[in-house]
1. Based on the alpha carbon coordinates of segment 285-424, what radius of gyration and maximum Cα-Cα distance (Dmax) apply, in Å?
2. Given a Förster radius of 22 Å and the C-beta distance between residue 331 and residue 238 as r, what FRET efficiency does 1/(1 + (r/R0)^6) yield to the nearest 0.05?
3. Considering the alpha-carbon set of segment 374-414 alone, what are its Rg and its Dmax in angstrom?
4. For segment 92-207, what D do you get in µm² per second when you plug the Kirkwood radius from alpha-carbon pairs into Stokes-Einstein at 20 °C and 1.002 mPa s?
5. What's the ranking of 117-124, 87-94 by average number of surrounding C-beta atoms within 10 Å, highest first?
6. Using a Förster distance of 35 angstrom, determine the FRET efficiency expected from the C-beta separation of residue 378 and residue 202, and round it to 0.05.
7. Would you please state the base-10 log of I(q)/I(0) at q = 0.13 1/Å for segment 41-433, with intensities from the Debye formula using one equal scatterer on every alpha carbon?
8. Simple spin-label model, 7 Å along Cα-to-Cβ: residue 362 to residue 115 in nm?
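Please treat every number below as a calculation from the coordinates, not as lab data. Here the structure is a predicted model, which means the values were calculated and not measured. So basically every Cβ, Gly included, is an ideal-geometry build from the backbone, and we count neighbours across all protein chains shown.
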Amino acid sequence: MASAPQSDNVVTPALPRRLLLGGAASAAAALAVGAAAPAARAAGPDGTSARWSGHRGFVTVRDGAFRLDGAPLRFGGTNCYYLHQQSHYMIDSVLDDAAAMGLPVLRAWAFADGTGKGALQPEPHRYDEDAFDSLDYAVHKAGQLGIRLVLPLVNNWPDYGGMRQYVTWFLGLEDDSYGDGVHHDRFYTERAIRDCYKAYAAHVLRRRNRYTGLRYRDDPTVMAWELANEPRCRSDRSGATLLAWAAEMSAHVKRLAPRQLVAVGDEGFYGEAGRDDYPYSDYEGTPWRKLVALPHVDYATCHLYPQGWGEHPGGKPGTDPVAWGTRWITDHVADARALGKPVVLEEFGLAIDAGRGVPDVAARDAGYAAWTRAVEEHGGAGSQFWILTSRVDDGSFYPDYDGYRVTWNNDPANPGRSTARLLADHARRMAAASGGVLG
């Protein structure tokens, strides 16, 4: 989620979730002290992980649905952004928990641009092969468990460098992605920046994983590549700039990896001129329907943070964030169906905040139950809640930086235990809806 504009007809939401994550990498590194035994490999209920491992083909799209080995595929999955820079123990912990919950798809970052420990691209066109160890291991471990990965290639936000780093490298300009977007948006238009991004994508997709022996583009564990995490282009409300960039880059990635899926990775903002409801308006320059319709984009994505977008009683009196979010889901499912492509609710979250309509865990669970039910009943292809985290190297749990953390912790004292079980039950129902065929 990111901040919205303040204007006469658009509500300004709360502090962006992405800003809250800005210090997460360094904080996690500080927590990673002391040696710990590797996490045990987990098997989900009814032998879930073994069943996943039996399907090693590439996920495809046909007739507006995901397919695996010819069978329809629907899923309940998750996100864990930090796998690309953490220890094997931390990677094992998250992926084993995902397997135990029956989550067959997980989205994680495949970028880290600029200076700092663990940078995958410390300078333009230079790649640190040692830094790729964590990402290599995460793909290897996910493949062992049969979990499919969705991997974005750059960040809209400054975390892990992102588009700001590219603009600074090539133009010497400070990012203004929380302002009018003029500098930030040159990421999409400057030829040298576009060439650097394309070279990075080619390097990642072609490189050989040290643990699997496979090139990334040849590994069915990678279900999809995303062009970016939450791309926006405020300087061009028409959407033409972002659309042209996405058309060029989706064709580039699809040429490099024709057997893997491609998605834009956007939030689903509709980009409609004249709308006074921020996520449906054209303020962010993201024409969702046109992005989905691109020939090299295989499926649609949408994110859902009504509290951060001002869709709550504290931002708009009388607005219920859960009801608003349910309509957001059903609108996207219906519109994606009309475009002939699957849609995944690939990030969603409710923060416990009485002023923004969610006073306690029970209210959050009720919201998640309504949203996952909407995905199930209206034909959504998948959902991926934000965010599954697990143990760090000293055995404690990864901090709840943004208020959306879910942990698979069977301790009855864990206040989020009910949330994790609700999401695991949703994943099981989605699997049953696709004939029990997972990844």
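1. Here Rg and the maximum Cα pair distance are 16.3, 49 Å.
2. On the way: r = 21 Å, r/R0 = 0.97.
After rounding to 0.05, the efficiency reads 0.55.
3. Rg, Dmax (Cα atoms, Å): 14.0, 43.
4. Here the translational diffusion coefficient equals 140 µm²/s.
5. Highest mean packing first, the order is 87-94, 117-124.
6. 0.40
7. -1.10
8. 5.2
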